[in-house]
Amino acid sequence: MNDLSRNAHLGIVKKAVKNYLTNEYPIENTIRNGLKEDYVLTKKTKFGAKFRDEYLGKVVRWYYRTDGDYILNMKGHKVPDANGAYPIMNLDDEMVNIDYTRYYQETIKILKTIGVIL
């Protein structure tokens with residue numbers, strides 16, 4: 001998940017990178033103060049996916065959560081980038097236990113990839 005241009009689902013990470021590069025705004029502040037949709041990732045699966053034996057559908061939305069788990073496609077393979085995930089199929093649902101550390105680490109990876117040393 002290191003390429004900002006190819007990962008439209010990394011809203012909070014993109015904001016954190018931009019805020020850090022343009023204003024030296026602390027990464028942690030951006031990560032902890034995003035909008036709900038900034039944390040959500042989306043992936044379309046060919047045959048559908050499940051989370052803890054619950055069928056989710058072909059388009060899966062999730063966020064990283066401290067008590068998250070794997071999302072598996074219907075063939076039993078892990079959905080890419082969905083380790084530590086928790087489904088949020090209805091955006092009106094409450095988001096709890098957001099794994100801010102995960103989003104912070106993803107931001108650091110991007111900054112290192114583009115040559116910013118922290």
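Tabulated data
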quantity	calculated
GNM flexibility winner over the chain from Asn73, Asn90, Asn19 (Cα, springs under 10 Å)	Asn90
Over the chain, relative contact order from alpha-carbon pairs under 8 Å, at least 6 apart, %	25
Listed residues Val40, Val96, Val13, most fluctuating in the chain (Gaussian network, C-alpha, under 10 Å)	Val96
Pairwise label distance in nanometres, Val116 with Glu94, each label 7 Å out on the Cα-Cβ vector	3.3
Within the chain, longest stretch free of exposed GluC sites (Glu not before Pro) [DSSP loop, at most 13 other beta carbons within 10 Å]	25-93
Charge sum, other residues only, whose C-beta stays under 9 Å from Asn73's C-beta, Lys/Arg counted +1 and Asp/Glu -1	+4
Residue-wise HN-Hα coupling along the range 84-94, computed from phi with Karplus coefficients 6.51, -1.76, 1.60 (Hz; x: Gly, Pro)	x, 8, 9, x, 9, 6, 10, 5, 7, 5, 6
FRET E, pair Asn33, Glu54, Förster distance 30 Å, beta-carbon r, rounded to 0.05	0.45
Exposure ranking of Lys14, Lys46 by accessible area [1.4 Å probe, largest first]	Lys46, Lys14
Rg/Rh (Cα only; Kirkwood hydrodynamic radius) as it applies to the chain	0.99
Gain on full stretching of the segment that runs from Asp67 to Thr101 - 0.36 nm per residue minus C-alpha separation	11.0 nm
Candidate aspartates and glutamates for bridging to Lys14, where Cα separation is under 19 Å - those fewer than 8 sequence places away on the same chain excluded	Asp3, Glu24, Glu28, Glu37, Asp38, Asp81, Asp99, Glu106
Whole-Hz ³J(HN,Hα) from phi, Karplus 6.51 cos²θ - 1.76 cosθ + 1.60, for the range 36-42, glycine and proline x	3, 5, 5, 8, 7, 10, 10
Set of lysines near Lys75 by C-alpha distance (under 25 Å), chain-local residues within fewer than 8 positions excluded	Lys43, Lys44, Lys46, Lys50, Lys58
For the range 50-109: span of alpha carbons on each principal axis (Å, largest first)	32, 26, 18
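The values are calculated or read from the model by the stated rules, or taken from the named source; none is laboratory data. Everything numeric in this text was worked out from a predicted model, so none of it was measured. Neighbour counts are summed over all protein chains in view; Cβ atoms, including those assigned to glycine, are modelled from backbone coordinates with ideal geometry. Accessible surface areas use protein heavy atoms only, side chains included; no ligands, DNA or RNA. Shrake-Rupley method; radii C 1.70, N 1.55, O 1.52, S 1.80 Å.
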